[in-house]
1. Of these, Val132, Val72, Val88, which one is modelled with pLDDT of 90 or more, touching a helix residue (DSSP H, G or I) at 6+ places or on another chain (Cβ under 8 Å) and of a type in the set (Val, Ile, Thr)?
2. Checking Ile127 against (1) more than 24 Å from Met21 (Cβ to Cβ); (2) modelled with pLDDT under 90; (3) of a type in the set (A, V, I, L, M, F, W, C), which single condition isn't satisfied?
3. Sort out which residues of the range 3-42 are of a type in the set (Lys, Arg) and either closer than 18 Å to Lys77 by Cβ or at pLDDT 85 or above (or both), and write them in order of number.
4. Pairs, please: C-beta under 6 Å, at least 6 apart or cross-chain, first residue surrounded by fewer than 14 Cβ atoms within 10 Å (Cβ to Cβ) and of a type in the set (Gly, Ala, Ser) and in the range 170-195, second at pLDDT 95 or above and part of a helix (DSSP H, G or I)?
5. Out of Ile161, Ile138, which single residue is in a helix (DSSP H, G or I), exposed (fewer than 14 other Cβ atoms within 10 Å of the Cβ) and either among the hydrophobic types (A, V, I, L, M, F, W, C) or at pLDDT below 85 (or both)?
6. Could you list, ordered by first residue, the pairs with Cβ atoms under 7 Å in which the first is in the range 27-39 and free of Cβ contacts under 8 Å to residues at least 24 places away in the same chain and acidic (Asp, Glu) and the second is surrounded by fewer than 23 Cβ atoms within 10 Å (Cβ to Cβ) and in a helix (DSSP H, G or I), at least 6 apart or interchain?
7. Within the range 92-122, can you find the residues that are without any contact (Cβ under 8 Å) to a residue 40 or more places away in the chain and under 11 Å from Gln193 (Cβ atoms)?
Amino acid sequence: MKRGGDMAFFKKHAAIHDCIMEHLDKCLLCHEKFTVYVEEIIEGDKEGKAFDYVNEISAIETDADEVRRRIVVELLKGDLLPQSRREVLYLIEKIDEIANESEDIIREIYLQAVDIRDEYVDRLKSINNETVMQLKKIRTAVDKIFSDIWSENLDLHELCIEIDSHESAVDLIEQSIIKDVYRSEISLAEKNQLRYFATKFADISDLAEDISDLLEKIIVIRKV
C-alpha cells in the first residue's frame, strides 16, 4: 500500500472526514435519545412519549442515511485506494447499527409495554452509562484516525483498551441481571422479556467494541 495515496485522503479529502463525523454524531444522538427515553420510562412514563421518541430517532436516522449516501458518492469518485474505501464503508455500516439498535429497542419497549422492575433499574442504567462513556471514546478514536492517521504521535492502543474495559463491565452487569432474573419468582414470560432487553441494551456496547477492533485493524494495515 502506498503511503502517498492514503496521505492524499487525509490531506485532500477533509470533506469525507467531516461526513464521517457528522454521520457518527447523528448515530450517537439516536443512542442519546434512547437513554433519555429509558430514564423516562423508569420514572413511570411508560407510553406517553414513546411514539414521539420512535419518530424522532427515525428522523435522525433518515438524516444519517443522507450523510452516508454523501460519503458513498465521495468514495465512488475513486480518489481513495480500494482498501481505504472498504475501511470507510465497513466503518459507517457498523456505526449505522448503533442508530438501528437504539430505535429497535425503543420500539420494542413501547410495543411490549415493558415494566422494568425496581431491582433491575440501577443496573440497566449502569449499562447505558458505561455505553455512553464507551461511545464518547469511540468518537474520539474515529476523529483521530480519520484526521491524521500517519502522525507519529497517533496511538489509540490505550483508548481502545478503555473502550474494551467498558464492554467488559457491561458484560458483567448483563450477566448479573440475567442470573437474578432467572432466580426470581416472576413468571417465565417476564423473565424472558427482561433477559431480552438486558441483552439488547448490552448489544450496543458490543457494537462499540466491534468498531474499536476495526479501528485498531485500520491502524495496523495502514502502517504496514
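1. Numbers: Val72 fails: modelled with pLDDT of 90 or more; Val88 fails: modelled with pLDDT of 90 or more.
Of the residues listed, the single one that is modelled with pLDDT of 90 or more, touching a helix residue (DSSP H, G or I) at 6+ places or on another chain (Cβ under 8 Å) and of a type in the set (Val, Ile, Thr) is Val132.
2. (2)
3. Pass one, the range 3-42, residues of a type in the set (Lys, Arg): 3, 11-12, 26, 33.
Those that are of a type in the set (Lys, Arg) and either closer than 18 Å to Lys77 by Cβ or at pLDDT 85 or above (or both): Lys11, Lys12, Lys26, Lys33.
4. Close Cβ pairs satisfying both conditions: none exist.
5. Values: Ile138 fails: exposed (fewer than 14 other Cβ atoms within 10 Å of the Cβ).
Going through Ile161, Ile138 in turn, the sole match is Ile161.
6. Between residues of the range 27-39 that are free of Cβ contacts under 8 Å to residues at least 24 places away in the same chain and acidic (Asp, Glu) and residues that are surrounded by fewer than 23 Cβ atoms within 10 Å (Cβ to Cβ) and in a helix (DSSP H, G or I), there is no close pair.
7. none
The values are calculated or read from the model by the stated rules, or taken from the named source; none is laboratory data. Because the structure is a prediction, the values reported are computed rather than measured. Reconstructed Cβ throughout: ideal geometry from the backbone, glycine too, with neighbour counts over all protein chains shown.
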